[in-house]
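The values are calculated or read from the model by the stated rules, or taken from the named source; none is laboratory data. Source: prediction; values computed, not measured. Heads up, the Cβs are rebuilt from the backbone with ideal geometry, glycines too, and the neighbour counts pull from every protein chain shown. In case anyone asks, the SASA skips ligands and DNA or RNA and just uses the protein heavy atoms, side chains included. Shrake-Rupley method; radii C 1.70, N 1.55, O 1.52, S 1.80 Å.
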Amino acid sequence: MEKNLIVLCILIAASFVYLKLAHKFNIVDKPNERSSHTKVTIRGGGIIFPIAILLFFFLNDFQYPFFVLGLFLISFVSFLDDIYTLSSRVRFPFQIIAIFLILYQVAFPIFPLYYSILCLILGVAVINMFNFMDGINGITGIYSLVVLSGMYFINLNEHFVNTDLIVFTALSLVVFGFYNFRKKALFFAGDIGSIALGMLFFFIGFLFMDTLNSPMFLLLILIYAADTALTMLYRIVYTNESILDPHRHHMYQKLVDVYKISHLKVSIGYGLLQLMVNFIILKTYKLELSIQLMVFFSLILLFITLYIVLFRLLVKKVKVNNA
């Protein structure tokens, strides 16, 4: 408890210092036609997530060095992106290197070798997914705390990762929530925050799969994955936009824009949906693989169906509003 209190105090101080420095050096997010906010807001507040992981590293005998190296490499590049807006050609190679370092930390090479390639692709997809989904106040903090809660309770039984890594990150999310979980956020996570969280969740999830030989980790991020994958499919099929271009087609964005539901209510809704999935995971991850797979694909089908139904309702409402 004493160690957790020290970490919490350091994170509170770091967040306050960053807020002042960001104001001084004008590290801000200016609203545009794709934004969900209407005023200039500090960006990069998610810098406290890698700080929390660095504290874990120093206070736990330098555990997981390759993971930490990869995380800080990609966090540095992502912070530069928050300030200068880097092209995907610059960001992507560093993402590949960072995910490779995670695979090397846990279990590399994975045979057959094409599994390693698939895991590399999955890792890059996960970190970009968390970046895509960081678009309204509160959603990154609430959803990430729910994901961590699932990992924490599984880890109580399985001990596949050092608990401090989960707890320290959760503390950083609580501090971040003070600034972000409000009607008018004081700062946003930025790429450095969302990418760092994606890296952490892939690392812990990969440890989960490697230790328990279970696919259920993927369900710990099911709500984000369903929204991201189906939004990309929609853009490919129904729009002429590049999937790399900024947009406002995510379901959470539509709920805010079309139904005028507040940011915080949508964020809480996403968190509650994932919390229900977490409960199912906790009850099934130890069962036979055939049962796990049945639950796995049933939940995926359920949320695909839910997304399609909600999307159709949104399209009808837009047509009515435009009539």
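Remarks
- Any chance Ile74 is closer than 19 Å to Ile166 by Cβ, of a type in the set (A, V, I, L, M, F, W, C) and under 16 Å from the mean Cα position of the chain (by Cα): no
- Residue check, Leu302 modelled with pLDDT of 90 or more, open to solvent by 60 Å² or more (accessible area, probe 1.4 Å) and not aromatic (Phe, Trp, Tyr): yes
- Within the stretch 42-63, residues that are closer than 16 Å to Ile74 by Cα have Cβ atoms under 7 Å from residues that are outside any helix (DSSP H, G or I) in these pairs: Gly44/Ile27; Gly45/Phe187; Gly45/Phe188; Gly45/Ala189; Gly46/Ala189, counting only partners at least 6 apart in sequence or on another chain.
- Residues being of a type in the set (A, V, I, L, M), closer than 20 Å to Ile280 by Cα and open to solvent by 30 Å² or more (accessible area, probe 1.4 Å) - total across the stretch 184-218: 3
- Ala52 vs. criteria within 21 Å of the chain's Cα centre (by Cα), over 29 Å from Glu241 (Cβ atoms) and surrounded by 12 or more Cβ atoms within 10 Å (Cβ to Cβ): yes
Results for (1) farther than 20 Å from Leu222 by Cβ; (2) under 16 Å from the mean Cα position of the chain (by Cα), shown as yes or no for each residue.
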| residue | (1), (2) |
| --- | --- |
| Ile117 | yes, no |
| Asn131 | no, yes |
| Asp164 | yes, no |
| Thr169 | no, yes |
| Leu173 | no, yes |
| Lys184 | yes, no |
| Ile192 | yes, yes |
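- Restricted to the stretch 108-127, and to residues there that are open to solvent by less than 30 Å² (accessible area, probe 1.4 Å) and in contact (Cβ under 8 Å) with a residue 40 or more places away in the chain, the residue that is farthest from Ile47 (Cα to Cα) is Cys119.
- For the stretch 138-172, residues that are open to solvent by 10 Å² or more (accessible area, probe 1.4 Å) and among the polar types (S, T, N, Q) total 4.
- Taken together, the residues in the stretch 61-96 that are exposed (fewer than 13 other Cβ atoms within 10 Å of the Cβ) and among the charged types (D, E, K, R) amount to 2.
- Residue-level check: of (1) open to solvent by 80 Å² or more (accessible area, probe 1.4 Å); (2) at pLDDT 90 or above; (3) assigned to a loop (DSSP other than H, G, I, E, B), Pro246 misses just (2).
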